[in-house]
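Working notes, structure below.
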Number of protein chains: 2
Amino acid sequence: MKLSTKGRYGLRAMIDLALYSEKDPVSICSIAERQAISESYLEQLVAKLKKAGLVKSIRGAQGGYVLAKPTADISVGDILRALEGSLDPVECMGFDEEHVCSGSDICVTKHVWKRINDSINQTVDEMKLKELVDESRQVRGIEPTDASCSQK
Amino acid sequence: MKLSTKGRYGLRAMIDLALYSEKDPVSICSIAERQAISESYLEQLVAKLKKAGLVKSIRGAQGGYVLAKPTADISVGDILRALEGSLDPVECMGFDEEHVCSGSDICVTKHVWKRINDSINQTVDEMKLKELVDESRQVRGIEPTDASCSQK
DNA sequence: TTTAATTCCGACCGAATTACTCGGATATCA
DNA sequence: TGATATCCGAGTAATTCGGTCGGAATTAAA
């Protein structure tokens, strides 16, 4: 029942991206530096975010990433599901249709799993990236400029 | 973010145990047979349930297991935590105390993880074993006698 | 008093997943 | 034509998962 580093790093990366990409695209390298995440690993995560349609890429020099949608339209659930796959702790066959299970206790547990799944998804879907970004800006002053990241 | 077979099998085993242990203790062997779970694996799970104080064992021939508490006093959360360990998808240091995080976005994500953890634990704790057992009995007729399980 | 049923305990094991790294191809701005 | 970037796929060490196996200890029944 653990959330992997994909989800944990990825959410931080998205907040970082939202904070710094207002003017110019943000490079993976600069996010990695600020967030102390391995650059090559972060690359994989951002690829997933892109495939999910949450960020857009701009290739070439001075390129980077920007959000594909306004922060109010991106939920924590969208981000986590993009990175982790389904957040359902139990993937059950025939959740919706009234599928008759073999044993009655299996059927009963199915309701349990569904309630857990629903509770998680509801919780993450009602939190929007906008709220997190706003909160983050309140904590420290705004630094909207993305310092180009150090070379190696 | 997956619940392992420990939790899934274990919950079914607890329902089974509650259904069949009213008169006599129930053997692992018979639970394994009814629930189609490997006997030797189930042994490990029941050991965890025992250590958590949810079931009591009666050793020797005609022995087995019985619930240690009334079904109304055992929550799904108790069972799952006994088997899986903490259900918190993210284990965060210093959740309670106002620990100042290094970066503001880390602090912000901390609130996210806390809300997810709370939502899961609340959901599983408000479901009691009693409800599941009652529901299970409604589905099919009651078979309170534990047929001694087939030998190998 | 033996025997069969049963819990108890720890070691082992293959397969999958996690959390990365690395090397290089491709695109694009200056 | 470089220097920056994204893109992409393969490799890999460590850990977890989902069990199995063998045997010791306990106790009811024959």
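The values are calculated or read from the model by the stated rules, or taken from the named source; none is laboratory data. Values in this document were obtained by computation on a predicted structure and should not be read as measured data. For neighbour counting, all protein chains shown are included, and Cβ atoms are generated from backbone atoms with ideal geometry for every residue, glycine included. These accessible areas exclude ligands, DNA and RNA; they are computed on the full protein's heavy atoms, side chains included. Shrake-Rupley method; radii C 1.70, N 1.55, O 1.52, S 1.80 Å.
Put a point 7 Å out from Cα along the line to Cβ at B:Cys29; what are the distances to that point in the other copies, in nm, shortest first?
6.8
Assuming R0 = 35 Å, can you tell me the calculated FRET efficiency for the pair A:His111 and A:Asp73, based on Cβ-Cβ distance, to the nearest 0.05?
Values: r = 32 Å, r/R0 = 0.92.
For A:His111 and A:Asp73, the calculated efficiency is 0.60.
Would you mind listing the distances between the B:Glu135 label point and the same position in each other copy? Use 7 Å along Cα-to-C-beta, nm, one decimal, shortest first.
3.1
Largest first, what is the accessible-area ranking of A:Glu91, B:Glu131, B:Glu84 with a 1.4 Å probe?
From most accessible down to least: A:Glu91, B:Glu131, B:Glu84.
Lysines within cross-link reach of A:Lys50: Cα-Cα under 20 Å, excluding same-chain residues under 8 positions apart?
A:Lys6, A:Lys23, A:Lys69, A:Lys128, A:Lys130
Using a label point 7 Å beyond Cα on the Cα-Cβ vector, give me the inter-copy distances for A:Lys114 in nanometres, one decimal, shortest first.
Here the equivalent label points are 3.3 nm apart from this one.
Name the trypsin sites (Lys or Arg not before Pro) in the range B:27-88 that are in a loop by DSSP and that have at most 12 other C-beta atoms within 10 Å, would you?
Filter output for the range B:27-88: B:Arg59.
So for the pair B:Glu126, A:Tyr41, with labels modelled 7 Å out along Cα→Cβ, what separation do we get in nm?
Distance between the two pseudo-spin positions: 3.7 nm.
At 0.36 nm per residue, minus the direct Cα-Cα distance, what do B:Lys51 and B:Asp118 gain on full extension? Give it in nm, one decimal, please. Please list the in-between numbers first.
Details: separation 67, 0.36 × 67 = 24.12 nm, distance 2.46 nm.
In short, 21.7 nm is gained.
Rounded to whole Å, how close does chain A get to the rotation axis onto B by Cβ? Give me the residue too, please?
A:Ser119, 3
Where only protein heavy atoms count, and the probe is 1.4 Å, what is the accessible area per residue for the range B:1-46 in Å²?
Heavy-atom SASA per residue in the range B:1-46 reads 39 Å².
Roughly speaking, what % of Cα-Cα pairs in the range B:31-82 are separated by over 12 Å, rounded to a whole number?
Percentage above 12 Å: 68.
Going by amide H atoms built from the backbone, whose H comes under 5 Å of the H on A:Val55, apart from near neighbours?
The answer is A:Lys50, A:Ala68.
Quick one: ranking B:Asp24, B:Asp125 by accessible area, 1.4 Å probe, largest first, what do you get?
Of B:Asp24, B:Asp125, the descending order of accessible area is B:Asp24, B:Asp125.
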